[in-house]
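The values are calculated or read from the model by the stated rules, or taken from the named source; none is laboratory data. Given the structure is predicted, the values throughout are model-derived calculations rather than measurements. When we count neighbours, we look across all protein chains shown, and the Cβ atoms used for this are built from the backbone with ideal geometry, even at glycine.
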Amino acid sequence: MSLVSIKDIAREVGVSTTTVSFVLNGKAREKRISEELKLRIEETAFRLNYRPNHVARGLRTGQSHTLGLIVEDISNPFFAHLARHVEHEADKSGYTVMFCSTENDESKAERLLYMMRHRQMDGFIIVPTPGMEAEVGSLVSLGKPVVLVDRYFPGLDICHVTVDNYRGAREAVRLLVEKGYQRIGIVTLESSQTQMREREQGFRDAMSDHGLEVTVGRVLHIPFDSTDRQASSAVLDMLSREPDMDAVFFTTNYLGVSGLEAIRNSGKRIPADIGMVSFDDSVLFRLGSPTISVVSQPIREMGRAAVSMILAMIRKEMPETKTLILPPVVQVREST
């Protein structure tokens, strides 16, 4: 069965293909086409099961109405929720979204960017890996609209949307101190990424402000490519070496999940023996027993802001702001 074209609709209604094109592209009012004729054309298009040819439209307009979204790991709840909100917001403006995961692999990230550049993406929303700075800078130099999310490159003047990671880490320490914990440790990633550095610095500064010592044994850096079992084992070793540690702050939800397993395997009870706070929420933190206190990110607002920025750039407009830092939200639960 052949595809229905604009010519078929025009023939059926008895109007020109130009008139049909104006209606289907949302320009009926601008071209002063009557509401009655507009409805006839739309109903005929629906009845004939018309599907627009986006490739042909892209060749005519220079736009594909497609956005590229590159995240670290689409299976991670944070990035999955971010992708869902980006897709929802983009759909409101008639854009589809192509998703890809870098898995924090620099060579894979480079291949994904190359592929997307040649798929005529109108814009790119990127959660960058540390090694993507040159490629992202190249996109911008080519005039491609780019918005970074969750993290950014200090050396590149690019629109970005992040949460206040430094403040979130300080709030985590404040919560623990208010609940009576004093010997607090941190489990974070072995990473140069801005959000990880800011979370660790926020932790260290908050500990200092409260007159608490940050000992070497209570700071654990987990390599990014560690498996869940390896991360859990490393946390268990930390708990064994530091039996007096009475609370732990985990800087990501997946580290928190590995830490939760390690704490249970150590025989310690939460919160009686050890308190726990994680940056980013997880279904395990909400539904497990005990529930886990978290510093959560406003994911919906992050997705909405990123799409708003990228669409403004595609329209050759200036976004309302080039840098948006959203406040985190502390969810106090049973673990503290």
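Worth a mention:
- Residue match in the range 157-164 (condition: farther than 21 Å from Glu317 by Cβ, assigned to a loop (DSSP other than H, G, I, E, B) and modelled with pLDDT of 90 or more): yes
- Contact map, the range 23-41: residues that are within 19 Å of Arg11 (Cα to Cα) paired with residues that are in a helix (DSSP H, G or I) and polar (S, T, N, Q), Cβ distance under 8 Å, separation 6+ or inter-chain. Pairs shown: Ile33/Thr19; Leu37/Thr19; Ile41/Thr19.
- For the range 226-238, the condition holds for at least one residue, the condition being that it is under 22 Å from Gly202 (Cα atoms) and assigned to a helix (DSSP H, G or I).
- A count restricted to the range 71-118 and to residues that are closer than 17 Å to Thr129 by Cα, in a loop (DSSP other than H, G, I, E, B) and among the small types (Gly, Ala, Ser) stands at 1.
Residue by residue, here is whether (1) assigned to a loop (DSSP other than H, G, I, E, B); (2) closer than 19 Å to Ser101 by Cα; (3) outside the structural domain of Lys316 (by TED's automatic domain parsing); (4) touching a helix residue (DSSP H, G or I) at 6+ places or on another chain (Cβ under 8 Å) holds:
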{"site": "Gln120", "(1), (2), (3), (4)": "yes, yes, no, yes"}
{"site": "Pro128", "(1), (2), (3), (4)": "yes, yes, no, yes"}
{"site": "Ala134", "(1), (2), (3), (4)": "no, yes, no, no"}
{"site": "Gly137", "(1), (2), (3), (4)": "no, no, no, no"}
{"site": "Val140", "(1), (2), (3), (4)": "no, no, no, no"}
{"site": "Pro154", "(1), (2), (3), (4)": "yes, no, no, yes"}
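- Restricting the range 239-256 to residues that are within 22 Å of Lys179 (Cα to Cα) and assigned to a helix (DSSP H, G or I), the residue that is modelled with the lowest pLDDT is Asn253.
- Among the residues of the range 108-129, just one is within 16 Å of the chain's Cα centre (by Cα) and modelled with pLDDT under 80, namely Ala109.
- Among residues of the range 20-52 being closer than 22 Å to Ser64 by Cα and polar (S, T, N, Q), the one that is surrounded by the most Cβ atoms within 10 Å (Cβ to Cβ) is Ser21.
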